[in-house]
């Protein structure tokens, strides 16, 4: 008999638009071209030594399953972390360790959404949200934010207009990947009012919490734990904060007891998160404040160099990133995907070029973001200055070619 | 407005029947009772030194995302492993690293099943299969196997009778957790014939491959990679083989190109499996054959001590485990769950007792397995001898009390 069909999802789960550029980047490298990677959001900062020491002094004789909820030492360290942030009203039972923030978002959606339910999020958004929402068989309802507004949320009536009987949750990324926007208290208050009025879950992805500049303060949904205990779901991650991307550790935090019970069952079904990773990360309460201070100062320098440089390029519109380490940039081109590919296949400046992420992958609405790219400032200042120079020359050449 | 309802799955995902006993075990421990844990399948064997050395000599300065498909060094080591097993027809493109075997089974089901589709599996089965099938919104169709047959599969006509238009896959665990059954070539051939005839996917969970005794050989579905390239999905894991349960590393292996592409997209959406874990596990090609030989000999001794001991207890029926490190045991009691709880709450023998896993959690059909428990032989021979002695005395007392 003919092979049975694969599921619907296999025909719809998107390929990463960044991923599609990888073969061209590899070819350029083979041709001796050096590539400045502005396309990825992986910090180049070193992991705190006290964490790496936990590896180097490893004394366990085997690598057993960890506790399904999370290793006690890590949970305790996290309680101290949240207390220091001003949230002393959190107990061990409000925490569930996940394998990265990714698993946390996926579980939040699966626990709240029936197939066909709707999840509101602000576009441009983190690409993988599409995959997670698809896995829960819910539908993503995008609300557009604009570069002219630095990608802040639109007014209340525009948001409320999108709510239907099927709306289950608002998914927020604060500070935001890919825009670098930090949502202030008045915005979060407004979103929470809407959520409370309509009984919606608020899933807040705050994995870039520490990465804020110029005294900006992200307003955490943790401030609503008591006012809206059933509806607030915080998604956190240790990846960016401690340069532990490959440790695959995140946190789900909620005061909704039923939800925490379900998260634990999801966790038990996949047994545990990594044992080694958790014992490395458990050192987080021993990381000195000066580590963060140094990291943030470094990113702030990079941000300034990048944004100032980009704004000097004719025709480029660059939003003002307030947090995370990304910025969305509007280019004087019709098709930024084509330009991003061209940078790898047809251009080099003294055998050097840059790789950027076309922004269409961050939008759900067709046609949006076509002339935008996302740039991550995870390279040192010198490399960023050179990248801006290359981008400037490339744009000049590309615009000439296209006219 | 009232809070929106959580999803259907939150009312149906089962709690672990073993988990429910944990508070009673904790209380017994507080009362000074020592517990022999026959309820869990975590090897007490040490991880190979060459792997632990990779931790102790850690030299990376940060913990970056790993490659989404898997770290090249680990994939290369795995190719050597499969080649040594006799399967040289496997390339890098046929492999996808997963976070444990759990993720592999979940992804296989999500990629093959629409909501409402049916997945055939043999009961008793590994409890978590229920959660994975539920997450894909498919339906588990159990085919009963019996202790009298050592839990081998029934004849072809009985299996074919369960196939409907909605059947998408057969999910097999070989060697089997929880029964210890090793499916021989004629059984696997028969299942493959059925699958090929009806165009079904065969998802074969072979994470206990090396754990076989008395010269028994498990017949891998890898033997069908060429005969049925579109339909065979192997789920593998490094957890048990190298005592790396907490490293959360598994493998999905298939020659179905579309499926491998989808698995990669699932992987990209959660970025990567653990970087540290993969660099530890990549040493697997340097683990000496003597390591396995020692491990298997040790388990074989334990198996003999346990099975011979249990069979001497009046009224106990013990199947003959051929692989893995579990055995299903029929007890002379009406309600094995009650007995398992009683062992922790009301019984001790010189301040010692045993903890066993009630078998109802391994069955989907209501009423089956009520007088059965699963026992894992992951303790040393001395501890197992003492456990059998305790169990024997406990049964005597319990049967007297109940009559």
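Here are some notes:
- Annotation: of all residues in segment B:40-50 being more than 8 Å from chain A (Cβ to nearest Cβ) and in contact (Cβ under 8 Å) with a residue 60 or more places away in the chain, the one that is surrounded by the fewest Cβ atoms within 10 Å (Cβ to Cβ) is B:40.
- Test result for residue A:360, in a helix (DSSP H, G or I), in contact (Cβ under 8 Å) with a residue 60 or more places away in the chain and closer than 23 Å to residue B:268 by Cβ: yes
- Scanning segment A:17-39 for residues that are in contact (Cβ under 8 Å) with a residue 60 or more places away in the chain and exposed (fewer than 13 other Cβ atoms within 10 Å of the Cβ) yields A:27, A:32.
- Hey, residue B:222 assigned to a strand (DSSP E or B), under 28 Å from residue B:95 (Cβ atoms) and in contact with a strand residue (DSSP E or B) (Cβ under 7 Å, 6 or more places away or on another chain) or not: no
- Screening residue B:197 against (1) in contact (Cβ under 8 Å) with a residue 12 or more places away in the chain; (2) surrounded by fewer than 21 Cβ atoms within 10 Å (Cβ to Cβ) leaves a single unmet condition, (1).
- Here is the figure for segment B:52-61: residues that are at the interface with another protein chain (Cβ under 8 Å from one of its Cβ atoms) and either buried (at least 16 other Cβ atoms within 10 Å of the Cβ) or closer than 30 Å to residue B:392 by Cα (or both) total 3.
- So residue A:131, is it modelled with pLDDT under 95 and buried (at least 17 other Cβ atoms within 10 Å of the Cβ): yes
- Among the residues listed as B:327, B:307, B:280, B:317, the single one being at pLDDT 95 or above and assigned by TED's automatic domain parsing to the domain that holds residue B:247: B:280
- Given (1) more than 14 Å from chain A (Cβ to nearest Cβ); (2) farther than 30 Å from residue B:202 by Cα; (3) at pLDDT 95 or above, index of the condition residue B:290 fails: (3)
- Yes/no for residue B:182 being crowded, with 19+ Cβ neighbours inside 10 Å, within 28 Å of residue B:83 (Cα to Cα) and more than 18 Å from the chain's Cα centre (by Cα): no
- Residue match in segment A:237-260 (condition: assigned to a loop (DSSP other than H, G, I, E, B), within 15 Å of residue A:110 (Cβ to Cβ) and touching a helix residue (DSSP H, G or I) at 6+ places or on another chain (Cβ under 7 Å)): no
- Residues of segment A:363-382 satisfying the condition of being out of contact with any helix residue (DSSP H, G or I) (no Cβ under 8 Å at 6 or more places or on another chain) and surrounded by fewer than 18 Cβ atoms within 10 Å (Cβ to Cβ): A:365, A:366, A:367, A:382
Residue by residue, here is whether (1) more than 14 Å from every other protein chain (Cβ to nearest Cβ); (2) closer than 18 Å to residue A:322 by Cβ; (3) part of a loop (DSSP other than H, G, I, E, B) holds:
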{"site": "A:175", "(1), (2), (3)": "yes, yes, yes"}
{"site": "A:183", "(1), (2), (3)": "yes, yes, yes"}
{"site": "A:197", "(1), (2), (3)": "no, no, no"}
{"site": "A:228", "(1), (2), (3)": "no, no, yes"}
{"site": "A:234", "(1), (2), (3)": "yes, no, no"}
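- Against the numbered list (1) at pLDDT 95 or above; (2) within 8 Å of another protein chain (Cβ to nearest Cβ); (3) surrounded by 14 or more Cβ atoms within 10 Å (Cβ to Cβ), residue A:65 comes up short only at (1).
- Pairs linking a residue in segment A:248-276 that is more than 11 Å from chain B (Cβ to nearest Cβ) and touching a residue at least 60 places away in the same chain (Cβ under 8 Å) to a residue that is surrounded by fewer than 23 Cβ atoms within 10 Å (Cβ to Cβ) and in a loop (DSSP other than H, G, I, E, B), with Cβ atoms under 6 Å and 6 or more positions apart or on different chains, are A:255/A:225; A:255/A:229.
- Residue within segment B:104-117 that is within 21 Å of the chain's Cα centre (by Cα), closer than 29 Å to residue A:9 by Cβ and more than 14 Å from every other protein chain (Cβ to nearest Cβ) present: no
Residues are listed down the side, and each one gets a yes or a no for (1) over 22 Å from the mean Cα position of the chain (by Cα); (2) crowded, with 22+ Cβ neighbours inside 10 Å:
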{"position": "B:218", "(1), (2)": "no, yes"}
{"position": "B:223", "(1), (2)": "no, no"}
{"position": "B:228", "(1), (2)": "yes, no"}
{"position": "B:234", "(1), (2)": "no, yes"}
{"position": "B:251", "(1), (2)": "no, yes"}
{"position": "B:273", "(1), (2)": "no, yes"}
{"position": "B:279", "(1), (2)": "yes, no"}
{"position": "B:291", "(1), (2)": "no, no"}
{"position": "B:297", "(1), (2)": "no, no"}
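- Checking residue A:20 against (1) under 30 Å from the mean Cα position of the chain (by Cα); (2) in the same structural domain as residue A:208 (by TED's automatic domain parsing), the condition it does not meet: (2)
- Here is the figure for segment B:199-217: residues that are closer than 21 Å to residue B:302 by Cα and more than 14 Å from chain A (Cβ to nearest Cβ) total 10.
- The one condition from (1) in contact (Cβ under 8 Å) with a residue 24 or more places away in the chain; (2) surrounded by fewer than 22 Cβ atoms within 10 Å (Cβ to Cβ); (3) at negative phi; (4) within 14 Å of chain A (Cβ to nearest Cβ) that residue B:125 does not meet is (2).
- Note on segment B:1-16: among residues that are in contact (Cβ under 8 Å) with a residue 24 or more places away in the chain and surrounded by fewer than 19 Cβ atoms within 10 Å (Cβ to Cβ), the one that is nearest to the other protein chains (Cβ to nearest Cβ) is B:16.
The values are calculated or read from the model by the stated rules, or taken from the named source; none is laboratory data. Given the structure is predicted, the values throughout are model-derived calculations rather than measurements. Cβ coordinates were reconstructed from backbone atoms using ideal geometry, including for glycine residues, and neighbour counts include every protein chain displayed.
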